[in-house]
1. Check the range B:39-53 and report whether any residue there is among the small types (Gly, Ala, Ser), surrounded by fewer than 23 Cβ atoms within 10 Å (Cβ to Cβ), within 18 Å of the chain's Cα centre (by Cα) and over 19 Å from B:Leu207 (Cβ atoms).
2. Given the structure, is B:Pro116 under 25 Å from B:Gly235 (Cβ atoms) and surrounded by fewer than 17 Cβ atoms within 10 Å (Cβ to Cβ)?
3. Provide a single number: the residues in the range A:43-60 that are away from chain B (no Cβ under 11 Å), of a type outside the set (Asp, Glu) and surrounded by fewer than 17 Cβ atoms within 10 Å (Cβ to Cβ).
4. Can you tell me which residue within the range A:24-42, out of those that are facing chain B (nearest Cβ under 7 Å) and at pLDDT 85 or above, is surrounded by the most Cβ atoms within 10 Å (Cβ to Cβ)?
5. Residue check, B:Ala122 against (1) in contact (Cβ under 8 Å) with a residue 40 or more places away in the chain; (2) more than 10 Å from chain A (Cβ to nearest Cβ), all met but one. Which one?
6. Which residues, taken from the range A:212-237, are β-branched (Val, Ile, Thr) and under 21 Å from A:Leu174 (Cβ atoms)?
7. Assuming A:Asp112 fulfils every condition listed in (1) without any contact (Cβ under 8 Å) to a residue 40 or more places away in the chain; (2) surrounded by 23 or more Cβ atoms within 10 Å (Cβ to Cβ) apart from one, which condition is it?
Amino acid sequence: MSAITAETSTVYVPAPEALGAVLAPGARPPRPSALSASMTFGWRAMLKIKHVPEQLFDVTAFPIMMTLMFTYLFGGAIAGSTTEYLQFVLPGIMVMSVVMITMYTGVAVNSDIEKGVFDRFRTLPIWRPSTMVGYLLGDMLRYTLASTVILTVGLILGFRPAGGPAGVIAGIALLVGFSFAFSWIWTMFGLMLRSEKSVMGVSMLVLFPLTFLSNVFVSPETMPGFLQAFVGVNPVAHLVAAVRSLMAGTPDNGEITWVLTSGALLIVIFGALTMRLYNRK
Amino acid sequence: MRESEKTGLAIEASGLVKAFGGNRAVDGLDLRVPAGTVYGVLGPNGAGKTTAVKMLATLLRPDGGEARIFGRDVIREPDAVRGLVSLTGQYASVDEDMTGWENLVLLGRLLGHRKPAARDRAAQLLEAFGLTDAGARQVKTYSGGMRRRLDIAASILNTPDVLFLDEPTTGLDPRSRNQVWDIVRIVVAHGTTVLLTTQYLDEADRLAGRIAVIDHGRLIAEGTPGQLKASVGAGSVHVRLRDPSQRSEAELLLAKELNAPVLLDADPSALTARVPGDGADHVAAEQASRALAELAAAGIAVSDFSLGQPSLDEVFLALTDRPAEKTAA
């Protein structure tokens, strides 16, 4: 490789004609729309996956492990049989895995933001949030992939959702949409905290209570009162209930509204905080 | 009409201030950069060069003062400024995980080109910068010189009106440095105003029409390279004597002939004298050769001598630590 490098730089002599041709000031195209800029950053996220495919490990191996582990760990004890438990727990495990994967958004932002390329992005006349939206578009692909992997494992193990394909797709769409909104928390922490480790630390601190203190594994009736109160306001619990209802073919409009409203609030609040930090960085 | 076709000032900054905690990185900086020229900002590490460039490129919000790029205010109209400028940062402003081609297509799309146009432009730029063969490789496999070229290619994708180059040759080998210099000359010949920061007087001298010397966030001198060198002295003449015992005699002679202080080096047979000159190299050379002739006439044998350009060290010494001499010169 070094030989190639040396050879290339030996050959190169800046030619006034060739450079002049690219410098001739043509008409500048109009600035891209917010959507187009965001999609372009989304494309960047895809290219990163293409060049570093190992990073898909957390959306493939991790979800398979979660599904197998919890189905066989609790299945017999809680529902008497793993197949029966699977009907209840699979949508929950799907939500839990995807919500947990959202934290990698913060890690990616944190490790990327110090690089010189961000200085270039920030001097471009584009819609400012598009850089961050691009990350999240790439991450939505990852969330969809993780959901599909879990669904596949579930179907193999005997998950038979009554909602059919339409219900399952609607459930996954709601989950991916909410995760997009939820990820703005991590873009904020990614910009705010100084190291990847601290981003991971804070993520765990937030994600463990939100995912475990919920209705993912058991229905909350047996929980003590204060815990029921927490589950009642836990957005992840509402998301689980909504996704479960969609996949079961009995959409719970109250829960779905709850999820959509909290998603919108997350975007408004943490999107604003993220952009405030991004502009000051 | 392109902004770059207008005459007048490309960059106009007055009283710029940026503090990080208690440290005033930029402390009341004034800059006036004529359009269509290369302007050098010279200073040591930590002088505030990068901070100043970041404020002018809208990456940092100034704590005080104001700056305009072709009349557009960097604080009040950052988006208009972003449409005019482009920045090649001190550390490669390209994505290392992506290929050279992908970097350029990404940027082309972000600058508003449609997909086919962005692809054409990327191929054209790779060709013009001698990177066609490397275009399909990830940038992290590039040499320092190739990375820098890609970086500049990305910066001129839309032929900016003002191009900021923050220490573009730091860490490059001499050949790559020459390539960057050639590129800068071609870019400015096509009407783009270039503001270049550097630690090397030599580089500013070769490229810049005017140079600002900054230290501790303040402007300490400004002018053409000739004026700047004249204020410092055109260079130094280093002399080594065959017989160290003659050094004090030589010191007196040189001081008289050059009318400048003479420094005694650690080597007992060597001494260094500043050549005042008027900034023109040939005058300095004449003065130095006359001084050497005097030494020979006085019977002082010289085993070795050299005439050096003033180094950045000497510029700073002259401009900061010895302000009295600056006034005298």
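The values are calculated or read from the model by the stated rules, or taken from the named source; none is laboratory data. From a predicted model like this one, the values you see are computed outputs, not experimental measurements. Because the Cβ atoms are built from the backbone with ideal geometry, glycine has one as well, and the counts that use them run over all protein chains shown.
1. Pass one, the range B:39-53, residues among the small types (Gly, Ala, Ser): B:40, B:43, B:46-48, B:52.
Narrowing further to those that are surrounded by fewer than 23 Cβ atoms within 10 Å (Cβ to Cβ): B:46.
Still in the running and within 18 Å of the chain's Cα centre (by Cα): B:46.
Subsequent filtering for residues that are over 19 Å from B:Leu207 (Cβ atoms) retains B:46.
Among the residues of the range B:39-53, at least one is among the small types (Gly, Ala, Ser), surrounded by fewer than 23 Cβ atoms within 10 Å (Cβ to Cβ), within 18 Å of the chain's Cα centre (by Cα) and over 19 Å from B:Leu207 (Cβ atoms), which makes the answer yes.
2. Values: under 25 Å from B:Gly235 (Cβ atoms): no; surrounded by fewer than 17 Cβ atoms within 10 Å (Cβ to Cβ): yes.
For B:Pro116, the condition - under 25 Å from B:Gly235 (Cβ atoms) and surrounded by fewer than 17 Cβ atoms within 10 Å (Cβ to Cβ) - is not met.
3. 4
4. In the first step, residues of the range A:24-42 are kept if they are facing chain B (nearest Cβ under 7 Å); the result is A:25, A:28-32, A:37, A:40.
Next, only the ones that are at pLDDT 85 or above stay: A:29-32, A:37, A:40.
Values: A:Pro29: 15, A:Pro30: 8, A:Arg31: 18, A:Pro32: 22, A:Ala37: 26, A:Thr40: 24.
Here the residue is A:Ala37.
5. Exception for B:Ala122: condition (1).
6. Quick first cut of the range A:212-237, residues β-branched (Val, Ile, Thr) only: A:216, A:218, A:222, A:231, A:233, A:236.
Scanning the range A:212-237 gives A:Val216, A:Val231, A:Val233, A:Val236.
7. A:Asp112 satisfies all of (1) without any contact (Cβ under 8 Å) to a residue 40 or more places away in the chain; (2) surrounded by 23 or more Cβ atoms within 10 Å (Cβ to Cβ) except (2).
Residue by residue, here is whether (1) under 18 Å from A:Leu47 (Cα atoms); (2) crowded, with 23+ Cβ neighbours inside 10 Å; (3) hydrophobic (A, V, I, L, M, F, W, C) holds:
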{"residue": "A:Leu90", "(1), (2), (3)": "no, yes, yes"}
{"residue": "A:Val95", "(1), (2), (3)": "no, yes, yes"}
{"residue": "A:Gly106", "(1), (2), (3)": "no, yes, no"}
{"residue": "A:Ser130", "(1), (2), (3)": "yes, yes, no"}
{"residue": "A:Tyr135", "(1), (2), (3)": "yes, yes, no"}
{"residue": "A:Ser147", "(1), (2), (3)": "no, yes, no"}
{"residue": "A:Ile156", "(1), (2), (3)": "no, no, yes"}
